[in-house]
Every structure is written in C-alpha cells, then in structure tokens.
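Read the structure below first, then the notes.
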C-alpha cells in the first residue's frame, strides 16, 4: 500500500520510507527507515532527511565559502577596522592553506599541519596568535551552523612579550629640541603626542574643539584610520573618523601650563579645525604623518623612530617621574592597569635600582 511522500506499507505490515541519503560520484544513494505506522515512518524519514541534507551541504560546502559567511556575520558585530584585519588574515594566511578543503575534511591533523606551515614563515608571535584566533572563531561558527561537524580543540599560541621601543632621556631631549626649531603645526602635534601619549589616529582626528585651554585639558573622542570601503569597491580605500573601539580610549588628558601656552600659539578661531592642519576642510591622515616622522628621524639623527615610540616613551617617563599606574592607565586609555604594565611600560634599570635602594635604606640597621 502506498500513502505518499515515498512511504509504502510492506507485505510484512511495516511501513517503509525512502529518502536521499547522499550523492556519490554524481549518483543518488537512498536510505530507508521503518515504522509500525505511517506516522512513525514519516517522522523517522523526516529526521533522516534533515540529517542527510546537512551532511550533503557540509560535503559540498568549501571552507572558503564558510569564511565569507562568517565574515558577513561578523560585519554586524564589530567595527570596519576589525573586518579589514580579519580579511587581511584570511587572504594572506588562512585561505591559501584551507581554500580547497571541504568542511568535513578539516581535522585536528589538518590544524597541526597548518600550525607547522605558519612556523616556517617569518611571522611575529602576535600575528600567529591573531591568525589562530580568527581560525578558531570560523570553525566554532561552522560547528554551530552544522551540528554534525566535530568541534576542534584549537590551541591559541602565546604571544611573546617584547620590550617596547622608547627614547632615552637624552634622545627625548634631543628630539624635543629639534621639534622646537622652526616649529610648525606638524612638529607641534608631534610634541603634543610625545607629552600626552596620544595614538597616531587620535592625533590626526584631534580638533581644536577637543582642547579646552581654559581648563587645561584635551579630550579624545575620535580616531582616524584608512580602511578598505565596501561601499566604494574592493580595491579602493578611504579615511574613516569614528570613536575608538573601547570606552576607555574615550578620555580626558590634563595639559601642563607650558603646553597650554604652546597651544595658544597654534590655536585657530575655527573650533572644527584639525590641530595638525589648522583647517576644518582638510586633515592629515596617519600615513602622511608617519612619513613626516621618518623625515624627522633623518633630520635629528635618531634610530628607528616611529610614532608609537612616543607613546612608549611618554609612559616610561611618567613612571620614572612617580606617576601611579592607575592614573597612567587612564591617560593612555587602557582598560586595565595590567595592560599598561604588561604592554607599554618597561621601567628602566635606573628606576629599578632606585626603588631597591630606597627599600634597603628602610630596613638597614645603621
């Protein structure tokens, strides 16, 4: 007896349901379920069809397509700068290795082979860490989309901590002396960053309305970055100005009386004007400012001078001058004191020695 939906009543009284189990080499392979009633056979058939459909999707779904699906999902959750970073990691490292893999073919062994392949490249430990963070997120996304997939245990490699580049006191004084010679708006902005710990994007986005000279402080509300813009094309980029990623980066930084006096010399009447250009209709993007820093390096004879060196130098000088870590962390825009100590501040040997001598004087008997 036939009752529809590929379900038949057999001669032995049971009901038999037929479903497409898989497609092998272009041919359909059927599977069968049995039940004591039509409804039982129908429910079993529907369950197996759902399971088989997912397996076929997994079998034909290449890893590359999954990556783009993951990226699309992420685009609703993170900023464009993060999406650009993820895309770069995908195209430079992950897809070249996994591009031809089907989802079901990716195993713990595959991941280990990928790990070995990365070790052969001259990559920093931070880059390798970022790659595995992205890969783990993609495969976790896959396991949620397809429950039949095994969730792989991906270990994130540790990031080696390196001593941050910073200027010595002698180098910093030499550089400040250079900046004061024929100081223009770019040199002024560079000096401002050196004395406040601003990031390059924060300085480029800084406007005169953000500097309140009457109360001697500046406020950070935005950052500037050049990113690939999906609204233009896949090959073109444009400059974006928007709030920083973390709330802690939106902050207020006090200014010294000398810095306030210097600001007065370069302040313009237009509150919307950018500090680096003195105009509201034009700005200086980070890449251009970095080129100026390179020229400054050549002019004053300093080695390996880049913008983030100023931030490291500022943090180190603050600790050497006795600023407490919590206050410094807030000025730098960090979310915790631990980040300040672990990432940016490497106290000089002189400061360590000074602290130990002070401790020794307190406990000495004589």
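The values are calculated or read from the model by the stated rules, or taken from the named source; none is laboratory data. Model, not experiment: these values are computed from the prediction. Note that each Cβ is placed from the backbone with ideal geometry, even for glycine, and that neighbours are counted across all protein chains shown.
Tabulated data
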read-out	value
Candidate set from the range 279-299 (those that are part of a loop (DSSP other than H, G, I, E, B) and surrounded by fewer than 16 Cβ atoms within 10 Å (Cβ to Cβ)); member that is nearest to the chain's Cα centre (by Cα)	282
Sole exception among (1) modelled with pLDDT of 90 or more; (2) not assigned by TED's automatic domain parsing to the domain that holds residue 293 for residue 150, by number	(1)
Residue 217 assigned by TED's automatic domain parsing to the domain that holds residue 245 and within 17 Å of residue 292 (Cα to Cα)	no
Some residue of the range 300-323 being more than 24 Å from residue 168 (Cα to Cα) and either in contact (Cβ under 8 Å) with a residue 60 or more places away in the chain or assigned to a loop (DSSP other than H, G, I, E, B) (or both)	no
Hey, residue 45 at pLDDT 80 or above and surrounded by 14 or more Cβ atoms within 10 Å (Cβ to Cβ) or not	yes
Any hit, the range 29-36, residues being under 23 Å from residue 146 (Cα atoms) and modelled with pLDDT under 80	yes
Subset of the range 70-97 (residues that are more than 25 Å from residue 117 (Cα to Cα) and in a helix (DSSP H, G or I))	72, 73, 74, 80, 81
